[in-house]
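Values in this text are rule-based calculations from the coordinates and carry no lab data. Just so it is clear, the model here is predicted, and its values are computed rather than measured. Here the Cβ positions follow ideal geometry from the backbone for every residue, glycine too, while neighbour counts run over all protein chains shown.
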Amino acid sequence: MRAMILPGGPRRWRLAFFSTLALLLADANAQGASDEYRLKAAFLYHFAQFVEWPETAFATPSSPFVVCVLGDNPFGADLQSLARRAVGKHPIELRLLRHASDMPGGCHLVYAQGWPPTNPAPPAAALERPLLIVSSQAGALRAGATIEFVLHQQRVRWLLNLEQARKVGLKISVKLIEIALPAAPSGS
């Protein structure tokens, strides 16, 4: 996947992105906490747009982009809207996984409410491939997740583990990095 350059340059892109983000945040905050996962589902889609997977992560140029939810699905029907979209030329396919042992391959993005899962633990091979792991669990970054959702000033935001992303071969766009909250040093 190559970076897309929009007409009008980076300033126009940032304005459009931040405007969309502000509308999402305002809409979710106005509707209350019950819509937290609607917003998180939208963010999952946007995360996929601003992360580059190596070509080897896909069997063919048109293979599906697989979004997996590990454990309970807190998104309900809101996640189904992703199945009508694509990441580049890859149509999105959704999979619900009951156990971490179900994720040895095939997933490109995994949302796990709690990370890391304990019984059973995910296979080591699954964690060494290009896999974007997103969680809402406090401390998920220290446990190997790439993105951790946090509530900051009553808004859904996120922290990034850039070291983990590099380790598994994912390239996170500077645009996504710029709007993430600064993560605490890994020793804290």
Practice item. Under 19 Å Cα to Cα from LYS171, which aspartates and glutamates show up? Leave out anything in the same chain fewer than 8 places away. Key: GLU52, GLU55, GLU128, GLU148, GLU163
Review point. What ranking, highest mean first, results for peptides 130-138, 53-61 when packing means the other Cβ atoms within 10 Å averaged over each residue?
Key: 130-138, 53-61
